[in-house]
Amino acid sequence: MIQANQANWDARTPIHIASDFYGQRITSDWFASFEWEDLGDLDGRDVVHLQCHLGTETVAFADLGARTVGLDFSEAALKEARRLADESGRDIEFVWSDVHRAVEALGGRRFDVVYTGKGALCYLPDLTAWARVVRDLLRPGGMLYLVEFHPLLNALGPVSGPDGDELTLRHDYLAGRGPIRSDNPYTYTDGPPVEGATTSYEWRHGLGEIVGALTGAGLTVDVLRETDLLPWKRFEAMERAENGWWRLPADQPKIPLLFALRARAPEGSVS
């Protein structure tokens, strides 16, 4: 299933690289202000961005003075990420690897910051294994910063009703019943249908599972945020917020759509 996902993301890449979804957004559009508050000063720090895709967010860390590495399992996406970085004169290393093998692929290097999210965890079947990878990538005292779609958002979907589309529970919030298989020929950006590998698999992970995996790996969670904002329009009914992001209309229930989590490795040995 991971190989199917890899092939699917390779097939999505030509569409994404040509899309307005990526091409017309500036780097700062992808980040909430609280992310920079939680991350702090990155100048001179070693940062690895797991599941980085085209490196759209990865470049922001390099621009702030970090020694930056992006890692992804899509070779096609990394080819484009390297091209974009080179054309803009940015010094960013991109490494091709499944996230489960990141420690080996990165040669056992340790980092001050591991960053990931916004559509990453749903492609991982085993968060316990993922949390151990994060732990082994962090220096003593280093931090994981995860910004991810809220599990409640992933459980919701639009259903047509007499008053238009309404959000209702369509998928599991909790894990336990295996992955959701999709054979959708379209990706989330504008553009033509995907050619070739259209099958993908997603796994559901609740907040309790995520926090439990990280604390079980020896990390300490010191920040957990929830917000009703998203960096792009997930549902047709969503409206622009003051900061340019998107939220559900005011007459609908106020629910979390995105969450941010910071977890730290112990100051001593984490192995």
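The values are calculated or read from the model by the stated rules, or taken from the named source; none is laboratory data. In this text, all values refer to a predicted model and were calculated from it rather than measured experimentally. With ideal geometry, Cβ positions are generated from the backbone for all residues, glycine too; neighbour counts draw on all protein chains shown.
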TODO: Among the residues of the range 70-94, write down those that are part of a strand (DSSP E or B), over 19 Å from Arg12 (Cα atoms) and among the aliphatic types (A, V, I, L, M).
DONE: Ile92
Open item on the list: I'd like to verify a number: residues in the range 52-69 that are in contact with a strand residue (DSSP E or B) (Cβ under 8 Å, 6 or more places away or on another chain), without any contact (Cβ under 8 Å) to a residue 40 or more places away in the chain, within 16 Å of Lys118 (Cα to Cα) and not in a helix (DSSP H, G or I), how many?
Closed with: 1
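Here is a list: Glu148, Glu195, Glu209. Which entry is among the charged types (D, E, K, R) and modelled with pLDDT under 95?
Glu195
In the range 18-51, what residues are outside any loop (DSSP other than H, G, I, E, B), more than 12 Å from the chain's Cα centre (by Cα) and among the hydrophobic types (A, V, I, L, M, F, W, C)? Full working, then the answer.
In the first step, residues of the range 18-51 are kept if they are outside any loop (DSSP other than H, G, I, E, B); the result is 20-23, 27-30, 33-39, 46-50.
Checking the rest, the ones that are also more than 12 Å from the chain's Cα centre (by Cα) come to 20-23, 27-29, 33-39, 46-48.
Of everything in the range 18-51, those that are outside any loop (DSSP other than H, G, I, E, B), more than 12 Å from the chain's Cα centre (by Cα) and among the hydrophobic types (A, V, I, L, M, F, W, C) turn out to be Phe21, Phe34, Trp36, Leu39, Val47, Val48.
Among the listed residues Leu174, Leu138, which satisfies the condition of being in contact (Cβ under 8 Å) with a residue 24 or more places away in the chain and within 21 Å of Val113 (Cα to Cα)? Steps first, answer last, please.
Numbers: Leu174 fails: within 21 Å of Val113 (Cα to Cα).
Of Leu174, Leu138, the one residue that is in contact (Cβ under 8 Å) with a residue 24 or more places away in the chain and within 21 Å of Val113 (Cα to Cα) is Leu138.
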Open item on the list: Here is a check on your reading of the model: is Glu209 among the charged types (D, E, K, R), surrounded by 13 or more Cβ atoms within 10 Å (Cβ to Cβ), in contact (Cβ under 8 Å) with a residue 12 or more places away in the chain and not in a strand (DSSP E or B)?
Closed with: yes
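Across the range 222-234, which residue is farthest from the chain's Cα centre (by Cα) among those that are assigned to a loop (DSSP other than H, G, I, E, B) and buried (at least 16 other Cβ atoms within 10 Å of the Cβ)? Steps first, answer last, please.
First, pick out the residues of the range 222-234 that are assigned to a loop (DSSP other than H, G, I, E, B): 228-229, 231-234.
Narrowing the set further to residues that are buried (at least 16 other Cβ atoms within 10 Å of the Cβ) leaves 228-229, 231, 234.
Details: Asp228: 17, Leu229: 15, Pro231: 12, Arg234: 15 Å.
If we take residues in the range 222-234 being assigned to a loop (DSSP other than H, G, I, E, B) and buried (at least 16 other Cβ atoms within 10 Å of the Cβ), then Asp228 is farthest from the chain's Cα centre (by Cα).
Looking at this structure, is Val103 among the hydrophobic types (A, V, I, L, M, F, W, C) and either closer than 18 Å to Ile26 by Cα or assigned to a strand (DSSP E or B) (or both)? Steps first, please.
On the way: among the hydrophobic types (A, V, I, L, M, F, W, C): yes; either closer than 18 Å to Ile26 by Cα or assigned to a strand (DSSP E or B) (or both): no.
Judged against the criteria, Val103 is not a match.
Looking at the structure I just gave you, is Asp10 part of a helix (DSSP H, G or I), more than 25 Å from Arg110 (Cβ to Cβ), within 15 Å of the chain's Cα centre (by Cα) and touching a residue at least 24 places away in the same chain (Cβ under 8 Å)?
On the way: part of a helix (DSSP H, G or I): yes; more than 25 Å from Arg110 (Cβ to Cβ): yes; within 15 Å of the chain's Cα centre (by Cα): no; touching a residue at least 24 places away in the same chain (Cβ under 8 Å): yes.
Judged against the criteria, Asp10 is not a match.
Mind telling me which of the residues Val134, Val99, Val59 ends up being among the hydrophobic types (A, V, I, L, M, F, W, C), out of contact with any Cys (no Cβ under 6 Å at 6 or more places or on another chain), more than 30 Å from Glu195 (Cα to Cα) and surrounded by 17 or more Cβ atoms within 10 Å (Cβ to Cβ)? Full working, then the answer.
On the way: Val99 fails: more than 30 Å from Glu195 (Cα to Cα); Val59 fails: more than 30 Å from Glu195 (Cα to Cα).
Checking each option against the conditions leaves just Val134.
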Open item on the list: Let me spell it out: the conditions are (1) farther than 23 Å from Phe31 by Cα; (2) assigned to a helix (DSSP H, G or I), and Cys122 meets all of them except one. Which number is the exception?
Closed with: (1)
- [ ] Report yes if Thr116 is of a type in the set (S, T, N, Q), part of a strand (DSSP E or B) and under 30 Å from Arg67 (Cβ atoms), otherwise no.
- [x] yes
Open item on the list: Quick check on the range 27-40. Is at least one of its residues in contact (Cβ under 8 Å) with a residue 60 or more places away in the chain, in contact with a Ser or Thr (Cβ under 7 Å, 6 or more places away or on another chain) and closer than 30 Å to Glu195 by Cα?
Closed with: yes
